[in-house]
1. Separation between the ASN135 and GLN158 pseudo-spin-labels, each 7 Å from Cα along Cα→Cβ, expressed in nm?
2. Return one number: the angle in degrees, 0 to 90 and rounded to the nearest 10, between the long axis of the Cα atoms of helix 191-208 and the longest principal axis of the Cα atoms of the chain.
3. Quickly work out the ARG103-to-ALA219 label distance, labels modelled 7 Å from Cα along the C-beta direction, and quote it in nm with one decimal.
4. Starting with the fewest neighbours, write out PHE55, PHE155 ranked by other beta-carbon atoms found within 10 Å of each beta-carbon.
5. When the Debye formula is applied to the Cα atoms of the chain, each taken as the same point scatterer, what base-10 log of I(q)/I(0) results at q = 0.08, 0.17 Å⁻¹?
6. For a test of the definition: using alpha carbon positions, the gyration tensor, and the 1.5 limit on a/c, classify segment 210-253 as rounded, prolate or oblate.
7. How far apart, in nm, are the 7 Å Cα→Cβ label points at GLU150 and ARG244?
8. Helix 161-173 versus the longest principal axis of the chain: what is the Cα-based angle in degrees, 0 to 90, to the nearest 10?
Amino acid sequence: MPLPPPTQPEPRPVAANSGGRRVFTARGLTKVYRMGSFEVHALRGVDLDLYEGEFVVLLGPSGSGKSTLLNILGGLDVPTGGTVVYRDHTLTAATDAELTRYRREHVGFVFQFYNLMPSLTARENVELVTDIAVNPMPAAEALRLVGLTERVDHFPSQLSGGEQQRVAIARAIAKRPDVLLCDEPTGALDVKTGVLVLEAIDRVNRELGTTTVVITHNAVIAGMADRVIALSDGRIASEHRNARQIPAGELQW
């Protein structure tokens, strides 16, 4: 299953239901984890479409299936049943090598913990990705997009938690991914610092047109999304589109 080459950023489209091209199509996704004689049903028949340039928040409590769904979309995990199509390529039929290529060329990941190399500067941490990417942006440009122009030569120990998370975002976007998947990116941060991180993610979405998915248990963050999808017990419980996206700096929690 040859995957397409990375695409150049395109302007963010209008709302997905008014003509945006589909990036992901998931149908009937199930995921069962077996622990001895016990079965844990993390996903129970999830249908989902995601579109170019969207900012989507997956909302739900711990154990609702958010991270499992994100990992399947990102090619880090495979479902027990169902299908996932990325553009016109079926990820659920891909080999391990094809999924590795997909992750390397098309997906940027941001996790709750930063996973930076402590012996490397911010610039050098980002260059870990640019050195292997097909069409990367310069590390300094990626760091500028997240507001760290003045910190490029600092080591992680010289950066605050929020700055380290923004370096992680810069590292994720430096390869110009089609999709940015963020798993509780503000979970380890205080409110003020979390807002700075959310502003960086929003800026990437707006300026690069990157389809962005943020999972969180914090309902306030849903206010800045184009679309909010709530999960409960492995199922999509509700879905709505925000009439107005609230800037991260105006969020109150």
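1. In this crude label model, ASN135 to GLN158 measures out at 3.4 nm.
2. 80 degrees
3. 3.4 nm
4. PHE155, PHE55
5. -0.29, -1.37
6. prolate
7. A separation of 3.2 nm, rounded to one decimal place.
8. 70 degrees
Only the coordinates and a few stated rules stand behind these numbers; no lab work does. As the structure is a prediction and not an experimental result, all values here were calculated from the model. Counting neighbours? That spans all protein chains shown, and the Cβs are built from the backbone with ideal geometry, glycine included.
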